[in-house]
Amino acid sequence: MMKIDLEQLEILDAIERRGSFAAAAEELHRVPSALTYQVRQLEERLGTAVFDRSGHRAVLTDVGQVLLQEGRAILAAADQLERRLQSVAGGWEAELRIVISDLFPSHWFWPLVRDFRQTCKQTRLVLRRETFGGVWEALLDDRADLAIGISGEQGGSSRIRSRHFMDVDWAFAMAPEHPLAALPEPLSRADIEAHCVVAAEDSSRRLVPRKAGITSGRDILNVPDMQAKLDAQLAGIGVGYLPRFLVAGHLAGGVLVEREVDEARGHSSLHLGWRRGAGRAIADGKALKWWLARLEGWNPLMEGAA
């Protein structure tokens with residue numbers, strides 16, 4: 001079995017970058033003869049030349065060029081692995097999986113992601129979105145280490161901690177040309193159920209799907225997430241409750257209108273949830289601690305993120 005070690009790849013890289021064996025040897029703090037020996041060993045293992053030595057200076061052959069290109073990718077991966085191992089040894093998780101409720105706009109979290117990566121680039125972040133009960137289920141099934149926006153009261157687990165995150169107010173909204181926009185307020189359930197109601201589907205796979213707002217009637221349009229629900233209502237297809245922070249600009253601009261209803265929906269209390277000492281996350285890992293600290297008292301509505 002042919003073996004190519006990292007030292008030989010580093011030598012090949014240095015020779016190509018510096019332009020000569022002598023310059024590469026100076027960079028690597030080696031004597032030129034040691035580099036020549038390593039290259040010849042490599043060529044013997046490959047059974048072909050890596051450098052064309054017919055001219056005044058050694059030039060990479062086609063094989064050498066492919067080896068260098070692929071070898072640099074291996075060197076970069078090895079360097080990244082070393083850094084990640086050092087990071088884990090220092091208490092940072094190798095990977096942190098975060099699930100975010102689809103109620104929240106993505107752009108709320110990009111500044112946090114940017115700041116985290118400036119603090120620790122070696123912890124790989126995996127971000128995903130879920131709807132309603134799917135947020136809790138991802139945490140419960142160990143598909144996430146941190147969940148942002150768990151809705152309602154959930155069953156307890158000795159491996160999961162939680163705390164209040166924020167409250168969400170709802171607006172019953174529709175396009176201004178929708179027939180319901182012209183009816184007197186408050187709208188009755190019968191008024192509403194005579195028209196299409198747009199409902200975001202719960203993304204949980206095995207838990208009993210959660211239902212929110214008005215989900216009964218003759219005409220229900222199920223859509224995959226809150227953004228699709230907003231888009232459908234902007235298009236005048238149907239009506240329904242939407243997070244007030246999500247539609248504040250649309251209401252102010254007149255592209256959506258809000259109407260009072262007989263059975264008004266109260267606010268929703270959303271929570272953070274996280275796993276302790278389970279799955280791939282380190283117990284009390286620094287990455288998880290960083291996110292929990294940044295989310296403590298964090299309100300994007302007060303920071304102009306909406």
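The values are calculated or read from the model by the stated rules, or taken from the named source; none is laboratory data. Just so you know, these numbers come straight off a predicted model, no measurement behind them. All Cβ positions, glycine included, derive from the backbone under ideal geometry; neighbour counts span all protein chains shown. Just so you know, the surface numbers come from the protein's heavy atoms only, side chains and all, with ligands and any DNA or RNA stripped out. Shrake-Rupley method; radii C 1.70, N 1.55, O 1.52, S 1.80 Å.
Data table
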quantity	calculated
Segment 1-120: mean projected area of Cα convex hull, nm²	11.7
Of the DSSP H helices in the chain, those whose Cα atoms cover at least 15 Å axially and whose Kyte score averages -1.0 or more	6-18, 32-46, 62-89
Read-out mean projected area of the Cα convex hull in nm², derived from the coordinates shown; its label in (i) 23.5; (ii) 21.6; (iii) 19.8	(i)
Relative packing of peptides 251-261, 191-201, 101-111 - highest average C-beta neighbours within 10 Å first	191-201, 101-111, 251-261
Accessible-area composition of the chain, carbon plus sulfur, in percent [1.4 Å probe]	51
